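Undergrad: To start, I am sharing the structure in question, which I have written as structure tokens.
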Amino acid sequence: MSTNDPRNIGDPEVGPLHAATNAPVGDIQWLPEVTHRYDYRLTPYLQSLLRGRPAHDPLVRQFLPDDRELHALPHESADPIGDIPFSPVKGIVHRYPDRVLLKVAHACPVYCRFCFRREMVGRRGEPLQGAALDGAIDYVRSHPGVWEVILTGGDPLALSPRRLNDVLVRLATISHVRILRIHTRMPIVDPESIDDSLTGALKVTTPVYVALHINHPQEITEPVVAAIGRLLDTGAVLLSQTVLLRGVNDDAAVLEQLFRRLVALKVRPYYLHHPDLAPGTSHFRVSIEIGQALVHTLRQIMSGLCMPTYVLDIPGGFGKVPIGPGYLGARTLAHREVKDSRGMSHCYPE
């Protein structure tokens with residue numbers, strides 16, 4: 001692979017990129033326009049997991065290029081959730097008063113085909129190092145209202161353990177920062193990377209929450225279960241984030257299986273994201289009404305422990321809002337109509 005190959009560019013501390021040899025839909029070179037336009041990368045673990053699967057497989061759809069990615073719609077945006085207007089210094093997004101995003105990494109172990117930051121990571125991203133990293137941490141230090149710092153990117157766990165620990169320790173010394181949260185795909189797509197060095201890097205004095213991006217129960221293999229166990233052993237609290245994707249998990253039985261399995265592994269389902277309006281991702285999106293119907297069905301059959309919040313990130317930087325089904329109806333002077341999970345109406349006095 002040449003050094004000019006778009007698949008071979010990333011954070012030097014992440015490691016080499018891997019082409020999909022013997023990929024289930026054939027050599028990805030048949031989609032050179034896609035892989036030139038958007039970064040493509042697989043870990044050896046994921047490469048072996050995908051081998052032999054058909055093109056419509058829910059894992060293949062997430063990770064292998066599709067020529068439909070070249071068809072962007074007018075309302076899709078390179079910054080679909082509005083990070084840029086809320087970035088006061090490089091590496092920081094400060095959209096909510098009590099928390100900030102710290103974009104500590106610009107590369108990922110894989111590039112999901114629906115990624116909302118696909119225009120900002122990999123080749124299009126820049127590492128946060130040296131003076132830029134100092135400036136981002138100084139920003140956190142100078143804003144006492146920041147209670148939580150969310151490490152994102154890119155994938156923070158793609159950093160070397162040394163760099164990751166350095167960032168976490170520096171943040172842990174800031175007295176008003178009480179929670180550190182890490183958003184990652186790494187335990188799912190490269191579970192062997194969750195080794196003693198990396199788990200040791202997570203052990204800091206400030207509580208650490210790790211949010212795993214996982215979309216389908218087939219992603220929970222034995223190596224992934226072992227990686228989750230190693231993360232739990234650090235004392236971190238584990239959450240999950242799932243993106244609702246057409247042809248992947250837009251099915252109540254699939255989501256039920258995923259969320260029940262996660263809870264059994266001590267991973268609390270946190271968010272079910274409606275897909276963001278990233279360029280070339282319309283083939284992944286379902287309507288909000290379909291998402292609401294799925295959540296309504298899940299509410300009838302699952303424990304509340306298994307229920308994530310269905311959210312939409314409003315384009316333009318206006319933040320996440322819950323968009324699950326409504327259960328409140330009309331209000332009179334003395335009563336309000338309330339529907340139960342089966343759709344039956346009841347009067348609630350107030």
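Quick grid of which residues meet (1) in contact with a helix residue (DSSP H, G or I) (Cβ under 7 Å, 6 or more places away or on another chain); (2) part of a loop (DSSP other than H, G, I, E, B):
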{"site": "ARG95", "(1), (2)": "yes, no"}
{"site": "LEU101", "(1), (2)": "no, no"}
{"site": "PRO127", "(1), (2)": "no, yes"}
{"site": "PRO144", "(1), (2)": "no, yes"}
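Undergrad: Looking at the range 54-91, which of its residues are in a loop (DSSP other than H, G, I, E, B) and farther than 24 Å from PRO315 by Cα? Full working, then the answer.
TA: Step one: of the range 54-91, the residues in a loop (DSSP other than H, G, I, E, B) are 54-57, 64-66, 71-83, 87-91.
Scanning the range 54-91 gives PRO54, ALA55, HIS56, ASP57, LEU64, PRO65, ASP66.
Undergrad: So which of ARG342, ARG336 ends up being basic (Lys, Arg), modelled with pLDDT under 95, over 30 Å from PRO97 (Cβ atoms) and not in a strand (DSSP E or B)? Show your work before the answer.
TA: Values: ARG336 fails: not in a strand (DSSP E or B).
After ruling out the rest, the residue left standing is ARG342.
Undergrad: In addition: Could you say which residue among HIS273, HIS296, HIS283 is under 17 Å from the mean Cα position of the chain (by Cα) and at pLDDT 95 or above? Walk me through it before giving the result.
TA: On the way: HIS296 fails: under 17 Å from the mean Cα position of the chain (by Cα); HIS283 fails: under 17 Å from the mean Cα position of the chain (by Cα).
After ruling out the rest, the residue left standing is HIS273.
Undergrad: Which condition breaks for VAL263 when tested against (1) closer than 23 Å to TYR111 by Cβ; (2) touching a helix residue (DSSP H, G or I) at 6+ places or on another chain (Cβ under 8 Å)?
TA: That leaves (1) as the condition not met.
Undergrad: Another question about this same structure. Among the residues in the range 133-140, are any surrounded by fewer than 23 Cβ atoms within 10 Å (Cβ to Cβ), within 23 Å of the chain's Cα centre (by Cα) and aromatic (Phe, Trp, Tyr)?
TA: no
For every residue, the table says whether it meets (1) touching a residue at least 40 places away in the same chain (Cβ under 8 Å); (2) among the β-branched types (Val, Ile, Thr); (3) surrounded by 17 or more Cβ atoms within 10 Å (Cβ to Cβ); (4) farther than 30 Å from ARG178 by Cβ.
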| position | (1), (2), (3), (4) |
| --- | --- |
| LEU46 | yes, no, yes, yes |
| ASP57 | no, no, yes, yes |
| VAL60 | no, yes, yes, yes |
| LEU70 | yes, no, no, yes |
| ALA78 | yes, no, no, yes |
| ASP98 | yes, no, no, no |
| PHE114 | yes, no, yes, yes |
| VAL146 | yes, yes, yes, no |
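Undergrad: Would you be able to say whether some residue in the range 321-328 is in contact with a strand residue (DSSP E or B) (Cβ under 8 Å, 6 or more places away or on another chain) and in contact (Cβ under 8 Å) with a residue 24 or more places away in the chain?
TA: Looking through the range 321-328, at least one residue is in contact with a strand residue (DSSP E or B) (Cβ under 8 Å, 6 or more places away or on another chain) and in contact (Cβ under 8 Å) with a residue 24 or more places away in the chain.
Undergrad: Among the residues of the range 219-264 satisfying the criterion of being touching a Gly at 6+ places or on another chain (Cβ under 9 Å) and closer than 18 Å to HIS183 by Cβ, which is surrounded by the fewest Cβ atoms within 10 Å (Cβ to Cβ)?
TA: Keep residues of the range 219-264 that are touching a Gly at 6+ places or on another chain (Cβ under 9 Å), which gives 234, 244, 250.
Add one more test, that the residue is closer than 18 Å to HIS183 by Cβ, and what stays is 234, 244.
Working: THR234: 17, LEU244: 22.
Only one residue tops the list, namely THR234.
Undergrad: Test each condition in (1) crowded, with 16+ Cβ neighbours inside 10 Å; (2) within 20 Å of ARG260 (Cβ to Cβ); (3) not charged (D, E, K, R) for LEU312 and report the one that comes out false.
TA: (2)
The values are calculated or read from the model by the stated rules, or taken from the named source; none is laboratory data. Quick caveat, the model's predicted, so the values are computed rather than measured. In this analysis, Cβ positions are derived from the backbone assuming ideal geometry, glycine residues included, and neighbour counts consider all displayed protein chains.
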